[in-house]
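K.L.:
Pasting a structure below so you can have a look.
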Amino acid sequence: MADSLRLDKLLWFARIAKTRALAQQLAEQGRIRIDGRVVDRAHAPVRVGDVLSFALRGKVRVIRIERLPTRRGPAAEAKLAYSELPERQLTSEAGGD
């Protein structure tokens, strides 16, 4: 298994974006952060342990990549690729208490 995956493929495989084209658009808009860095390219590499933050459908999401999916499978399989970070972790990672 590879140690990284293109951002657009991850968004599509993990069912965060409905199509690959939408995943590419989302990645290229410059509204996704990987470990706090703004990303504006679909081919940005994503690795296990990276934290992605982005606004989608009127909600800010922060997720940690748990594993790199190899395909766009069923929703239950896609959900295993990442975990939502709880509010407590968001404030501690942002430097607050």
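K.L.:
Starting at 0 and stepping by 5 Å, how many percent of the alpha carbon pairs of the chain end up in each bin?
P.N.:
Values per bin, smallest distances first: 3, 14, 25, 28, 19, 9, 3, 1.
K.L.:
Take every Cα pair under 8 Å in the stretch 5-93 that's 6+ residues apart, average their separations, divide by the length, and report that relative contact order as a whole percent. Write out the running numbers ahead of the final one.
P.N.:
Details: 156 pairs, mean separation 22.7, N = 89.
With pairs under 8 Å counted, the relative contact order is 25 percent.
Each value in this text was obtained by applying a stated rule to the coordinates, not by laboratory testing. All values reported here derive from a predicted model rather than from experimental measurement.
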